[in-house]
Amino acid sequence: MWYKAGRFILQNRLILLIILFAATAFMGWKASKVQLSYDFTRALPTDNIKYSDYQAFLKKFGADNNTMVIGMATDKFYTPSFFNEVGELGKQLKKVSGVTEIWSIPEALNLKNDSVNHRLVPERIFHYPFTSQNSLDSERTVFENLPFYRRFLYNPESHGYLLLVSVNKDTINSKNRTGMINAIVEQIHVFEKKTNATVYTSGLPFIRTTISNRIKDEMNIFLTGSLILLVVIMFLFFRSFSTTLMSLLVMGMGVVWSLGTIVLLGYKITLLTAIIPTLVVVIGIPNCIYFLNKYHTSYREVNNKDTALVNMVGRMGIVTLFCNIAAAIGFAVFALTHSDLLKEFGAVAGINIMALFFISLIFIPSVLSYLPPPKEKHTRYLDNKFLEKLLLQIEQWAFHHAKWVYGITAVIIVLAVMGIFKIKSEGFIVDDLPQKDKIYTDLKWFEKNFGGVMPLEIVIDTKKKKGIFRIKTLAKIDTLSAYIAANPATAKPLSFVEGLKFAKQAYFDGDSMSYTIPYSEPEFLLMAPYIQTKADTAASKKGIAKLLSTLIDSTQQMARISVNMKDVGSVQLPIIIKDFEAKANEIFDTASYRVTFTGSSVSFLEGSSFIIKGLKESIFWAFLLITLCMLYLFRSFRILVCSLIPNLIPLVVTAGVMGWVGIALKPSTVLVFSVALGIAIDVTIRFLINYKQELPQFNGKVSPTLAQTIRHTGISIIYTSLVLIAGFIIFCLSDFGGTKALGWLTSLTLVVGTVTNLVLLPVLILSTSSRKNRS
């Protein structure tokens, strides 16, 4: 069948190439429309309770991750020149497209009691620019008499000061977010030059935008670098510009098809689908090397180009097909999960790995048929003396040192299993960054001085309209807020109750001792006309009133406690929330109240945990499906067992190394196992199919067949592994721990997989064969 396919491809090569180029052009047109996804909650399935709670929160209160924080620590803040520059910075930030609100000390408002009209009137505290220190000090005294702003805009102990920049939620979730963040940062740099001050920048809009752009830029650089490195190495192997260019075109078409598929399926580039082009290169390289190796080997034997090409397709077609099927299964199983993020990744990866098989099958023999026959220098790599000695040594190990092979393997497995028990599964929002990175150090400054910037949202549902405006409800919210504020992992909570305290202080003419909740119904009724500002008044459209309006729903049935906290990670966060939930259940009667803990931080870390869990399950199902394919392919339970062991060991070793060196399981590192499984099983299939094809030529004798397979297949396996290791090792130059780990862990897995398939696999086959068939 495959020999017929080879002849068909050669006879119709022009038509097939035209169809392939036309299809690639169409996919390229589609790929030009690819877009990035900025939705960070799609890792969770829609029926997940955390997802439902967060969507309900967004519907009621809007976004919670749209505030960028700017901080500084200085003793010169309340000097006229410095204070004026801070005010000017706020003015310039307001002009940035996408910025909706600025909270800063120069823009701070006070409330004045208008007893005649029974209302509280907001007015500016600071009337900058200042020319006099006395006038600034006088207004500073008024400001510092307002507890509402303490630890919200400044920390009196550390002399830390904040500017809060609210951004449009649509802008921060679009491609325009980079321009907006850059414009904000540019104004910060101008301020730093004018004042010679150190400014700290953080907040989810800034962190996510900056990290996403850095990862995207870095991945583009590494993908390009990997392709260049692979091309150079392949040229050194094959000594041919034409075959090297041909291989590059195969990988290039695969990348174009993968991006086009994303658009055709209505998807966008996400955290996971962004690595598919790299995976396409990983799968495409072995296809090219194995096809070329078989072509060169066959040409040496028959000295006829067309016959060698037909033999290449006939011998390697089925091998490459099943290798790509195994790799496709390894990723396509993700489409069976409940996460949209994983489904999209699995569907796109699975489709394009199979598409890559057809691209290779059509393009490589067709192009080679137009090229002149290989010269001696193109096939010289087949006579590599070092590799010949190495393969002869592998034969010696397989035939004469089986006990040593088993013994060393057992020791390695024991050490790896010990390491597996040390693996931790933990993720952080600011993950993978080196501790000297400015994003990381700035975040730690905010955590030290203001309790953090990661949003945690608590929704109190009173189950009754206007239920939040009851004395006992206010007291309960205040009690829970105080408990949360006492936790070292959280900042000062913000709720409408703080606004009521501010209003009460204003009602009593600025007496700071009055910054408390109303203590009785008569007092609350007395203040009611002052705190129920109509929505259409100017006061309700700015400042404190605008902020507080986002902390209650329109029916006044639900109240929101907004908390900033440290990036405690996926292990500590559930513990902290469980503690808060226990306290909330103690304070609020569940019959009258429903308390929900949510927020983008909770959703993000829950999504990371779900991805890890989904990847683990998918690897199990992938291994099971690949096992069934191997059983179908070889129709032998003995060969099946022999084939699985060399593929399990690299995964076990890699997991063990992760445990010993302290690399946690997270989405970026769990993917190593998926990539490794596809590559390792690829080597096994190629070895065993060649072994099966050679077996009849040696009358079913195992030993001479193994020797022939090691010599013929070993060279291409080693070359492929070296090229792939070179392609992945470049990721070790990354600034991100996950990308760096992906590089060296995958390279390690490739090394182990190559050794187990070339050394252990022959030993297993020989050991499990009957004595009469061995030689």
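The values are calculated or read from the model by the stated rules, or taken from the named source; none is laboratory data. What you see is a predicted model; the values in this text were computed from it and never measured. Please note: Cβ atoms are built from the backbone with ideal geometry, for glycine as well, and neighbour counts cover all protein chains shown. The area values use the complete protein model at the heavy-atom level, side chains included, leaving out ligands, DNA and RNA. Shrake-Rupley method; radii C 1.70, N 1.55, O 1.52, S 1.80 Å.
Some points to look at:
- Members of the range 626-659 that are without any contact (Cβ under 8 Å) to a residue 40 or more places away in the chain and either in a helix (DSSP H, G or I) or in contact with a strand residue (DSSP E or B) (Cβ under 6 Å, 6 or more places away or on another chain) (or both): Thr627, Leu628, Leu631, Tyr632, Phe637, Leu640, Leu644, Leu648
- Residue within the range 444-455 that is charged (D, E, K, R) and loosely packed, with under 13 Cβ neighbours inside 10 Å present: no
- Among the residues of the range 1-14, those identified as open to solvent by less than 100 Å² (accessible area, probe 1.4 Å) and either modelled with pLDDT of 90 or more or not hydroxyl-bearing (Ser, Thr, Tyr) (or both) are Trp2, Ala5, Gly6, Ile9, Leu10, Asn12, Arg13.
- Taken over the range 122-149, the residue count meeting the criterion of being open to solvent by 30 Å² or more (accessible area, probe 1.4 Å) and either of a type in the set (Val, Ile, Thr) or touching a helix residue (DSSP H, G or I) at 6+ places or on another chain (Cβ under 8 Å) (or both) is 10.
- Selected residue [aliphatic (A, V, I, L, M) and either open to solvent by less than 10 Å² (accessible area, probe 1.4 Å) or over 29 Å from Thr684 (Cβ atoms) (or both)] from Ile275, Ile228: Ile228
- Selection within the range 349-362 - among the aromatic types (Phe, Trp, Tyr) and either closer than 15 Å to Pro286 by Cβ or surrounded by 24 or more Cβ atoms within 10 Å (Cβ to Cβ) (or both): Phe357
- For the range 195-215, taking the residues that are open to solvent by 10 Å² or more (accessible area, probe 1.4 Å) and under 15 Å from the mean Cα position of the chain (by Cα), the one that is modelled with the highest pLDDT is identified as Thr210.
Table: residues versus (1) more than 24 Å from Thr273 (Cα to Cα); (2) open to solvent by 30 Å² or more (accessible area, probe 1.4 Å); (3) under 22 Å from the mean Cα position of the chain (by Cα).
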residue	(1), (2), (3)
Arg177	no, no, yes
Phe222	no, no, yes
Phe238	yes, no, no
Ser242	yes, yes, no
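- From the options Leu605, Leu615, residue that is more than 22 Å from Lys566 (Cα to Cα), open to solvent by less than 30 Å² (accessible area, probe 1.4 Å), in a helix (DSSP H, G or I) and out of contact with any strand residue (DSSP E or B) (no Cβ under 8 Å at 6 or more places or on another chain): Leu615
- Identity of the residue in the range 301-327, of a type in the set (A, V, I, L, M) and open to solvent by 10 Å² or more (accessible area, probe 1.4 Å), that ends up nearest to the chain's Cα centre (by Cα): Ile325
- Between Asn564, Asn585, Asn647, the distinction of being at pLDDT 85 or above, crowded, with 22+ Cβ neighbours inside 10 Å and of a type outside the set (D, E, K, R) belongs to Asn564 only.
- Residues of the range 551-602 that are among the acidic types (Asp, Glu) and either within 24 Å of the chain's Cα centre (by Cα) or in a helix (DSSP H, G or I) (or both): Asp567, Asp579, Glu581, Glu586.
- Test for Thr598: is it open to solvent by less than 40 Å² (accessible area, probe 1.4 Å), of a type in the set (S, T, N, Q) and under 22 Å from Val453 (Cβ atoms): yes
- For the range 465-477, a tally of residues being at pLDDT below 90, surrounded by 14 or more Cβ atoms within 10 Å (Cβ to Cβ) and of a type in the set (Lys, Arg) returns 1.
- Counted residues, the range 661-702 - those being under 20 Å from Phe345 (Cβ atoms), within 21 Å of the chain's Cα centre (by Cα) and not aromatic (Phe, Trp, Tyr): 13
Condition check ((1) at pLDDT below 85; (2) of a type outside the set (A, V, I, L, M); (3) farther than 18 Å from Ile645 by Cβ) across all residues:
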residue	(1), (2), (3)
Gly659	no, yes, yes
Gly662	no, yes, yes
Ile717	yes, no, no
Ala726	yes, no, yes
Leu758	no, no, no
Lys772	yes, yes, yes
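- Checking Thr473, Thr479, Thr441 one by one, the residue that is within 44 Å of the chain's Cα centre (by Cα), more than 27 Å from Gly62 (Cα to Cα), assigned to a helix (DSSP H, G or I) and polar (S, T, N, Q) is Thr441 and no other.
- When the range 102-121 is filtered for residues that are in a strand (DSSP E or B), within 17 Å of Asp509 (Cα to Cα) and either of a type in the set (Phe, Trp, Tyr) or open to solvent by 40 Å² or more (accessible area, probe 1.4 Å) (or both), the ones remaining, listed by number, are Lys112, Asn113, Arg119, Val121.
- Wholly within the range 679-775, helices (runs of 4 or more DSSP H) carrying at least 1 residues that are without any contact (Cβ under 8 Å) to a residue 24 or more places away in the chain and open to solvent by 10 Å² or more (accessible area, probe 1.4 Å): 702-729, 737-755, 771-774
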